[in-house]
1. Of everything in region 1-16, what is part of a helix (DSSP H, G or I) and at pLDDT below 65? Give them in sequence order.
2. Quick check, is ALA19 out of contact with any helix residue (DSSP H, G or I) (no Cβ under 8 Å at 6 or more places or on another chain) and part of a helix (DSSP H, G or I)?
3. Keeping to region 22-70, report how many residues are over 12 Å from the mean Cα position of the chain (by Cα) and not in a helix (DSSP H, G or I).
4. So the check is Cβ under 7 Å with 6+ separation or different chains; which pairs have a first residue in region 46-73 that's free of Cβ contacts under 8 Å to residues at least 40 places away in the same chain and closer than 25 Å to ALA24 by Cβ and a second one that's among the hydroxyl-bearing types (Ser, Thr, Tyr) and surrounded by 10 or more Cβ atoms within 10 Å (Cβ to Cβ)?
5. Looking only at region 71-101, which residues are part of a helix (DSSP H, G or I) and among the basic types (Lys, Arg)?
6. Anything in region 39-51 that is touching an Asp or Glu at 6+ places or on another chain (Cβ under 8 Å) and over 11 Å from GLY89 (Cβ atoms)? List them, or say none.
7. For region 72-79, indicate whether the set of residues that are in contact with a helix residue (DSSP H, G or I) (Cβ under 9 Å, 6 or more places away or on another chain) and of a type in the set (A, V, I, L, M) is non-empty.
Amino acid sequence: MSDFDLGKISLDEWWKVIATAGGAIAVAAVAAKFTPAILLGIGLLLFGAGEWFNHPLQTKVGVDFKITGHPWRPRLFGLLMDGAGLALGGLGLYRLIVSEV
């Protein structure tokens with residue numbers, strides 16, 4: 001059995017909100033068979049996940065203090081996900097704007 005619990009996921013950082021919104025958009029767009037929104041949603045999901053990877057939890061401990069935060073620490077995998085997300089999201093947005101309804 002896994003320790004994963006959906007109730008413990010919180011949307012307290014912007015990259016988590018972007019990833020969640022992208023996933024929701026992609027699922028809804030697949031149901032509606034609307035390709036530009038699928039691309040946009042997957043792009044947002046990838047970008048948010050890439051930024052999530054680039055913002056690891058870090059803690060610094062001193063003699064009288066403890067600082068915890070999520071500073072940006074770019075990693076190759078996170079940057080690749082960001083790039084793929086921006087490309088897919090941009091393509092989806094372009095197709096959304098240019099498409100004839």
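1. Matches in region 1-16: LEU6, GLY7, LYS8.
2. No.
3. Result for region 22-70: 17.
4. Taking only residues 6 or more apart or on different chains, not a single pair turns up.
5. Within region 71-101, just ARG95 meets the criteria.
6. GLY50, GLU51
7. Scanning region 72-79, I find at least one residue that is in contact with a helix residue (DSSP H, G or I) (Cβ under 9 Å, 6 or more places away or on another chain) and of a type in the set (A, V, I, L, M), so the answer is yes.
The values are calculated or read from the model by the stated rules, or taken from the named source; none is laboratory data. This one's a predicted model, so the numbers in the text were calculated from it and none came from an experiment. Every residue, glycine as well, gets a Cβ built from its backbone with ideal geometry; the counts of neighbours run over all protein chains shown.
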